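Sharing a structure, written as structure tokens. Questions coming.
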Amino acid sequence: MTQLQASNPVSDLRPRGPRPPLDFVGVGAARCGTTWLARCLGEHPSVFIPARKELHYFNNDFLYEPTLRTLRRRLSPARPDQLRGEITPRYMISHTALTRIAAANPQAAIIVCLRDPVDRMFSEYCYFRFTLKREPDPDFLRAIEGPLREDYLVKSLYASHLENVLSIFDRVHVVLYEEIAEQPLETLEAVFGFLRIEPSFVPSAARQRVNASPSRHRAPRAGWARLAQRVALGRSLPTRLVRPAAMPVFNACHRLIDAWPILQDSGERPRLDSQTRRRLFDRYFREDLPRTEALLGLDLSRWRP
């Protein structure tokens, strides 16, 4: 883990003057332990985050308002002495989202979770195919270059995203997925220290398995999932045109998605062999990894096949 921040000491994350709507944001990356981190932060008495992870507020043209009214309402249950934040992994690949966060609070603390890029990409594929039923292609290598390429590959090319984050924010803390799996309590202590809250607090979620998934799943059907994603991100024309009238329906759909059960059958989860892993690394990440190491000042050789 590493902490990248300006040299000026700050006694509190909350700036003087009118308080901004939020104090910290987890911006990604997806499938790198962000759900585990959100659960642990949600248990800390000095932190408030919404019960529903991933508000998609700053990257959603349908939800976002310059007044931040909706965001303030979602964070309004927080006590005055609590830090307020949210975690949406997709923010990291959206320059628009990052600039909107900076506009809301230029001094926001930013948390970035990273993982072996090949593992992250494959984990997202399995999540989309078997859990969300969004990926119809049974061939992982073919799916990488398919319609969901941004989710699989672009999210795993960390260097350009980190450059963007570091150019906008002064306070950035990086957490490695491998450290969450190997040293969860030490990793949390560092995160809590970064946020300047009680570092010795141990949430019950700290020892839960990271990115736990069932071993057997039902294969998905192609169809409405891509349209649903566009609606969820506010990119479809109808959602932008009928925003005021559609908000109740939009929120109801999100509640249904949150409650949708994960169906299972006898289909076994695929696995990556070492030869495929090396081929993927050489093709996509051999040049990106040294740039990531230089930006973070870390040795990430464990990510090399």
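The values are calculated or read from the model by the stated rules, or taken from the named source; none is laboratory data. Bear in mind the structure is a predicted one, so any value in this text is a computation, not a measurement. Cβ coordinates were reconstructed from backbone atoms using ideal geometry, including for glycine residues, and neighbour counts include every protein chain displayed. Side chains included, ligands, DNA and RNA excluded: accessible areas come from the protein's heavy atoms. Shrake-Rupley method; radii C 1.70, N 1.55, O 1.52, S 1.80 Å.
Check ILE144, ILE93 and return the single one that is crowded, with 21+ Cβ neighbours inside 10 Å and in contact with a helix residue (DSSP H, G or I) (Cβ under 7 Å, 6 or more places away or on another chain).
Numbers: ILE144 fails: crowded, with 21+ Cβ neighbours inside 10 Å.
Result: ILE93 is the single residue among ILE144, ILE93 that is crowded, with 21+ Cβ neighbours inside 10 Å and in contact with a helix residue (DSSP H, G or I) (Cβ under 7 Å, 6 or more places away or on another chain).
Now for a separate question. Between a first residue in the range 84-103 that is without any contact (Cβ under 8 Å) to a residue 12 or more places away in the chain and a second residue that is hydrophobic (A, V, I, L, M, F, W, C) and open to solvent by less than 10 Å² (accessible area, probe 1.4 Å), which pairs have beta carbons less than 7 Å apart while being 6 or more apart in sequence or on different chains?
Nothing qualifies.
Also, I was wondering about something else. Please go through the range 102-123 and pick out each residue that is buried (at least 23 other Cβ atoms within 10 Å of the Cβ) and not aliphatic (A, V, I, L, M).
CYS113, ARG115, ASP116, PRO117, ARG120
Then there is this: Counting just the residues of the range 134-192 that are acidic (Asp, Glu) and in a helix (DSSP H, G or I), which one comes out nearest to ASP119 (Cα to Cα)? Give the steps one after another, and end with the answer.
Our first condition is that a residue be acidic (Asp, Glu); within the range 134-192, this holds for 135, 137, 139, 145, 150-151, 163, 170, 178-179, 182, 186, 189.
Retained after the next criterion (residues that are in a helix (DSSP H, G or I)): 150-151, 163, 178-179, 182, 186, 189.
On the way: GLU150: 16, ASP151: 13, GLU163: 22, GLU178: 11, GLU179: 15, GLU182: 16, GLU186: 23, GLU189: 25 Å.
For the range 134-192, the residue satisfying everything is GLU178.
Got a sec? Which helices (runs of 4 or more DSSP H) wholly within the range 16-118 have at least 1 residues that are at negative phi, polar (S, T, N, Q) and touching a Cys at 6+ places or on another chain (Cβ under 9 Å)?
Helices (runs of 4 or more DSSP H) meeting the threshold: 34-43.
What single numbered condition from (1) under 30 Å from MET121 (Cα atoms); (2) in contact with a helix residue (DSSP H, G or I) (Cβ under 8 Å, 6 or more places away or on another chain); (3) modelled with pLDDT of 90 or more fails to hold for VAL47?
(1)
Residues checked against (1) in contact with a Gly (Cβ under 7 Å, 6 or more places away or on another chain); (2) more than 21 Å from PRO45 (Cα to Cα):
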{"position": "ASN59", "(1), (2)": "no, yes"}
{"position": "LEU63", "(1), (2)": "yes, yes"}
{"position": "ARG69", "(1), (2)": "no, yes"}
{"position": "ARG74", "(1), (2)": "no, no"}
{"position": "VAL112", "(1), (2)": "yes, yes"}
{"position": "ARG129", "(1), (2)": "no, yes"}
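Let me ask something else. Could you tell me whether any residue of the range 28-38 is closer than 14 Å to VAL172 by Cβ, surrounded by 21 or more Cβ atoms within 10 Å (Cβ to Cβ) and at pLDDT 90 or above?
So in the range 28-38, the residues closer than 14 Å to VAL172 by Cβ come out as 28-29.
Right, trim to surrounded by 21 or more Cβ atoms within 10 Å (Cβ to Cβ) and you get 28-29.
Those still in the list that are at pLDDT 90 or above too: 28-29.
Yes, the conditions are met somewhere in the range 28-38.
Sticking with this one: Is one or more of the residues making up the range 171-188 touching a His at 6+ places or on another chain (Cβ under 8 Å), open to solvent by less than 70 Å² (accessible area, probe 1.4 Å) and touching a residue at least 12 places away in the same chain (Cβ under 8 Å)? Outline the logic, then answer.
Kept after step one, since they are touching a His at 6+ places or on another chain (Cβ under 8 Å), are these residues of the range 171-188: none.
No, there is no match, as no residue in the range 171-188 is touching a His at 6+ places or on another chain (Cβ under 8 Å), open to solvent by less than 70 Å² (accessible area, probe 1.4 Å) and touching a residue at least 12 places away in the same chain (Cβ under 8 Å).
Can you name the residue in the range 254-281 that is of a type in the set (D, E, K, R) and surrounded by 12 or more Cβ atoms within 10 Å (Cβ to Cβ) and, of all such residues, is modelled with the lowest pLDDT?
At the first step, the residues of the range 254-281 found to be of a type in the set (D, E, K, R) are 255, 258, 265, 268-269, 271, 273, 277-279.
Now restrict to residues that are surrounded by 12 or more Cβ atoms within 10 Å (Cβ to Cβ): 269, 277-279.
Details: ARG269: 75, ARG277: 97, ARG278: 97, ARG279: 97.
Of everything passing the filter in the range 254-281, ARG269 is modelled with the lowest pLDDT.
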